[in-house]
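Below you'll find the structure, written out as structure tokens, and then a few comments.
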Amino acid sequence: ATLYNTRPPFYSNAEGYWKDIPPTEDGLLGGYGSISSIDLNGSKAFLQRFLGEGEGKTGTGCALDCGAGIGRITKRLLLPLFNTVDLVDVTQEFLDKAKTYLGSEGRRVGNFFCSGLQDFVPESGRYDVIWIQWVIVIGHLTDNHLVDFLERCHKALRPEGLIVIKDNVSYEGVVPDEVDSSVCRDLDILQRLVSRAGLRIIYQEQQINFPKEIYHVHMLALR
């Protein structure tokens, strides 16, 4: 992996916000730690439909957890399904905590990358699945940087590899969050950005059983 050099001021604001968040599941989920199991069960059912052997199936060699935090998704979703997982997150404290949080399964982690996604260039042809979850990740990127990042992810996939975006979507337009310097885009805007990156949505599903007061969460499988 290598690094880009793109540093608009609001990226620094976002990094500052996350440095003040406690390195726990509840902290990283904005106080909604109770939904973690529902989230992970939905993600597992979504992802497993693509994995296996045969034409068009995605391999299980190596995955990348983008915006990995302390490794919640790595530990409970990706490591049970993949031989090796790499983690990338903008906050070093979270990655340090992940090494303890992952326990003995952490020995199958390949790399811990400390970087914002706007700067991160994943290794070409390394990954079967690149998992990009929640507004913390793509909501902190400008439209152009998100398109650029998805293009770099495309180059980092193995044959039949898959990019999965799981994120909050707004009801209409772009909704800014001044607290953590992120934005929430509606599904149409997100779909257009995916298309700009030269990718197509092969499957799409809404996460169910989340609290009614939060934005809808959608999962998009991209190739």
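The values are calculated or read from the model by the stated rules, or taken from the named source; none is laboratory data. All figures in this text were calculated on a predicted structure; none of them were measured in a lab. Every residue, glycine as well, gets a Cβ built from its backbone with ideal geometry; the counts of neighbours run over all protein chains shown. Ligands, DNA and RNA are stripped out before the accessible areas are found, and what is left, the full protein with its side chains, is counted by its heavy atoms. Shrake-Rupley method; radii C 1.70, N 1.55, O 1.52, S 1.80 Å.
Here's a check for you: in the stretch 80-95, which residue that is polar (S, T, N, Q) and either out of contact with any strand residue (DSSP E or B) (no Cβ under 6 Å at 6 or more places or on another chain) or crowded, with 20+ Cβ neighbours inside 10 Å (or both) is farthest from residue 69 (Cα to Cα)? Out of the qualifying residues, it is 83.
Among the residues of the stretch 161-200, which ones are within 16 Å of the chain's Cα centre (by Cα), among the hydrophobic types (A, V, I, L, M, F, W, C) and open to solvent by 20 Å² or more (accessible area, probe 1.4 Å)? Of everything in the stretch 161-200, just one residue is within 16 Å of the chain's Cα centre (by Cα), among the hydrophobic types (A, V, I, L, M, F, W, C) and open to solvent by 20 Å² or more (accessible area, probe 1.4 Å), namely 183. Evaluating residue 85 against the criteria (1) of a type in the set (Val, Ile, Thr); (2) at pLDDT 95 or above; (3) within 21 Å of residue 148 (Cα to Cα) leaves one unmet condition, (3).
Checking the condition of a type in the set (Gly, Ala, Ser), open to solvent by less than 10 Å² (accessible area, probe 1.4 Å) and under 19 Å from residue 157 (Cα atoms), which residue from 63, 98 passes?
Details: 98 fails: under 19 Å from residue 157 (Cα atoms).
Just one listed residue meets the conditions, 63.
Residues in the stretch 42-67 that are more than 14 Å from residue 163 (Cα to Cα) and modelled with pLDDT of 95 or more: 42, 44, 45, 61. Summed over the stretch 32-41, the residues that are touching a Pro at 6+ places or on another chain (Cβ under 8 Å) and either open to solvent by 20 Å² or more (accessible area, probe 1.4 Å) or modelled with pLDDT of 95 or more (or both) give a count of 1. Taking first residues from the stretch 196-221 that are on the phi > 0 side of the Ramachandran plot and partners that are open to solvent by 50 Å² or more (accessible area, probe 1.4 Å), the Cβ contacts under 7 Å between residues at least 6 apart in sequence or on separate chains come to 198/151; 198/154; 209/38. Restricting attention to the stretch 113-133, which residues are in contact (Cβ under 8 Å) with a residue 60 or more places away in the chain and among the polar types (S, T, N, Q)? Hits for the stretch 113-133 are 115, 118, 133. Selection of the stretch 104-118 for residues being modelled with pLDDT under 95, out of contact with any His (no Cβ under 9 Å at 6 or more places or on another chain) and either open to solvent by less than 40 Å² (accessible area, probe 1.4 Å) or not in a helix (DSSP H, G or I) (or both) yields 106, 115.
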